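Engineer: Okay, here's the structure, questions in a sec.
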Amino acid sequence: MTTKIILDVDTGTDDAVALMTAALSPDIELVGATVVNGNTVLDSCVENTLRVFEWIGMPGVPVFRGMSRPIARFQAVHNPATRIHGDKLDLPEATIKAQPQHAVDWLIDTYLASDGDITLVPVGPLSNIAAAIQKEPRIVERIPEIVIMGGAHDHGNATASAEFNIWLDPEAARIVVNCGRPIRMVPLDATHRALVSLEDATRLRALGTPAGEAAYRFISKRIEGYDATQPMQRMGAAPVHDALAVCAIIDPSVITTRFAHVDVETSGELTTGRTVCDFRFSGRTPAEANFAYQPPNVEFALDADEPKFVAMLTDILGRTAG
Ligand code: RIB
Ligand code: CA
C-alpha cells in the first residue's frame, strides 16, 4: 500500500535527499513537487529540484514554481547557511523544465480533484501552502495529513528561538498549523537526534547508484558546513532534516511524537517564528479552568531513531528508477 504525497521544497541539500527518498521509495507515490523560496532564490530551488529528478532518472515527476517570497513580510530572505546548501546543487545542469502552472494553483486544482488521499509534505517555508489555503479554503478538507519539517521547541537555528522554515514565513506557518487538519511536525528536536555521519555517507556512495552518489555529495557538504558553523553533538555528522520527514511517512516509528497544542509566534521582538508548544497537560484537559489551555493540534516529534533513519536511507537510495 503506497502513500501518495506532494513534496513542497526549497531545494537545498537536505530537500534533495528528501526528494530522492520519496521518488525511489516503493512505499511512496510522489505526485509532484512544488517549489518555494527559502534556502536560496526560487529560480535556483527550481533548478536544483529539476537536477535531482533528472539525475536519478525520473524526469517525469512534475515540478511547479511557487512563491518567491513570504506571504506577509516584505523581503525575500534566503538561508545564510550557504556552506550547508550553497546556491546550485553539485549535479549537472537540468535539461528538463518546470510545469507552466503556478504551484499554488496546481495545489488547489490537485486537491479539489483528489479523493482526499494525498499527504502534503512541506519541507521549506510554508508560503505556498498558506497561499493555497487562503486562495481556496475548500482544499483543507481534502488534505488527509500534513507532515511538516519545521519548528523547534528546545532550540532554534535561524535564531535562538526559531527554526528556519517557520522563521522565514511565520504568518504562513501560523495559517497552516491552525488549519484544523492532522499535522505531524518534524522539528529540530527530532532531526538533531538523527545525524548522518561521513562514514554513513561514504557507504551511500558505495551503493553505486545515482542517488547514493548524490546523497554522498550533499551530505558530505552538509557535514563540512555543520562542523564549521553549527557543530552538532558530535563532529563529522549532520542532520538531514527534510529526509527524516519523508522517512516518517514510510515508517512512523522513526520519530517519537507528543500530541500538544502548537502555535507560531508572529510578532515577538526576539521570538518571531518560534513554535510555541504547550506540553503542560500531556494531552489531558486541565482539571481546573485554565485561561491559556487550548486543545492539542499537532503530533510534535521530540526524538528520532538515528540507526533506523540511516538504514532507511541506505535501503532506499540503493535503488534505481524503473
Ligand atoms: O531548519 C532546517 C530547514 O531549513 C530544512 O528544511 C532546510 O532545508 C532548510 O530549509
Ligand atoms: Ca528545506
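Engineer: Quick test of your reading of the structure: residue 261 fulfils all but one of (1) in contact with a Cys (Cβ under 9 Å, 6 or more places away or on another chain); (2) farther than 27 Å from residue 118 by Cβ. Name the failing condition by number.
Structural biologist: Result: residue 261 fails condition (2) only.
Engineer: With 84, 71, 28 as the choices, which residue is touching a Gly at 6+ places or on another chain (Cβ under 7 Å) and either within 13 Å of ligand 1 (Cβ to nearest atom) or in contact (Cβ under 8 Å) with a residue 60 or more places away in the chain (or both)? Walk me through how you get there before you give the answer.
Structural biologist: Numbers: 71 fails: touching a Gly at 6+ places or on another chain (Cβ under 7 Å); 28 fails: touching a Gly at 6+ places or on another chain (Cβ under 7 Å).
Every option except 84 fails the conditions.
Engineer: Tell me, please, whether a residue that is without any contact (Cβ under 8 Å) to a residue 40 or more places away in the chain and crowded, with 18+ Cβ neighbours inside 10 Å can be found in segment 171-184.
Structural biologist: no
Engineer: Further question on the same structure: Which fully enclosed helices (runs of 4 or more DSSP H) of segment 142-216 have 1 or more residues being among the basic types (Lys, Arg)?
Structural biologist: On the way: elements: 164-168, 170-177, 188-191, 198-205.
Qualifying helices (runs of 4 or more DSSP H): 170-177, 198-205.
Engineer: For segment 215-241, give me each residue that is under 12 Å from residue 309 (Cβ atoms) and touching an Asp or Glu at 6+ places or on another chain (Cβ under 6 Å).
Structural biologist: Result: 240, 241.
Engineer: Any chance you could count how many residues in segment 102-130 are away from ligand 1 (no atom under 16 Å from the Cβ) and of a type in the set (Val, Ile, Thr)?
Structural biologist: 5
Engineer: Among the numbered criteria (1) buried (at least 24 other Cβ atoms within 10 Å of the Cβ); (2) away from ligand 1 (no atom under 14 Å from the Cβ); (3) of a type in the set (Val, Ile, Thr), which single criterion is violated by residue 11?
Structural biologist: Of (1) buried (at least 24 other Cβ atoms within 10 Å of the Cβ); (2) away from ligand 1 (no atom under 14 Å from the Cβ); (3) of a type in the set (Val, Ile, Thr), only one is false for residue 11: (2).
Engineer: Does segment 222-249 hold any residues that are under 29 Å from residue 6 (Cα atoms) and surrounded by fewer than 20 Cβ atoms within 10 Å (Cβ to Cβ), and which are they? If you could, list the steps in order and put the result at the bottom.
Structural biologist: Start the filter on segment 222-249 by keeping residues that are under 29 Å from residue 6 (Cα atoms), which leaves 222-223, 225-226, 237-249.
Correct list: 225 only.
Engineer: Tally the residues that are in contact with a Leu (Cβ under 9 Å, 6 or more places away or on another chain), modelled with pLDDT of 95 or more and within 30 Å of residue 156 (Cβ to Cβ), restricting the search to segment 70-106.
Structural biologist: Total meeting the criteria: 2.
Engineer: Which residues, counting only those in segment 260-278, are in contact (Cβ under 8 Å) with a residue 40 or more places away in the chain and either over 21 Å from residue 126 (Cα atoms) or exposed (fewer than 12 other Cβ atoms within 10 Å of the Cβ) (or both)?
Structural biologist: The answer is 270, and nothing else.
Engineer: Sticking with this one: Test residue 263 against the criterion of being charged (D, E, K, R) and over 30 Å from residue 86 (Cα atoms), and give yes or no.
Structural biologist: On the way: charged (D, E, K, R): yes; over 30 Å from residue 86 (Cα atoms): yes.
Here the answer is yes, as residue 263 does meet what is asked.
Engineer: Next question, about the same structure. Restricting attention to segment 31-49, which residues are among the hydrophobic types (A, V, I, L, M, F, W, C) and either within 14 Å of ligand 1 (Cβ to nearest atom) or farther than 27 Å from residue 116 by Cα (or both)?
Structural biologist: Result: 33, 35, 36, 41, 42, 45.
Engineer: Filter segment 131-184 for residues that are of a type in the set (S, T, N, Q) and either within 21 Å of residue 302 (Cα to Cα) or within 11 Å of ligand 1 (Cβ to nearest atom) (or both) and give the result. Break it down stepwise before answering.
Structural biologist: Step one: of segment 131-184, the residues of a type in the set (S, T, N, Q) are 134, 157, 159, 161, 165, 178.
Correct list: 157, 159, 161, 165, 178.
The values are calculated or read from the model by the stated rules, or taken from the named source; none is laboratory data. On a predicted model such as this, the values are computed, not experimentally measured, just so you know. Cβ coordinates were reconstructed from backbone atoms using ideal geometry, including for glycine residues, and neighbour counts include every protein chain displayed.
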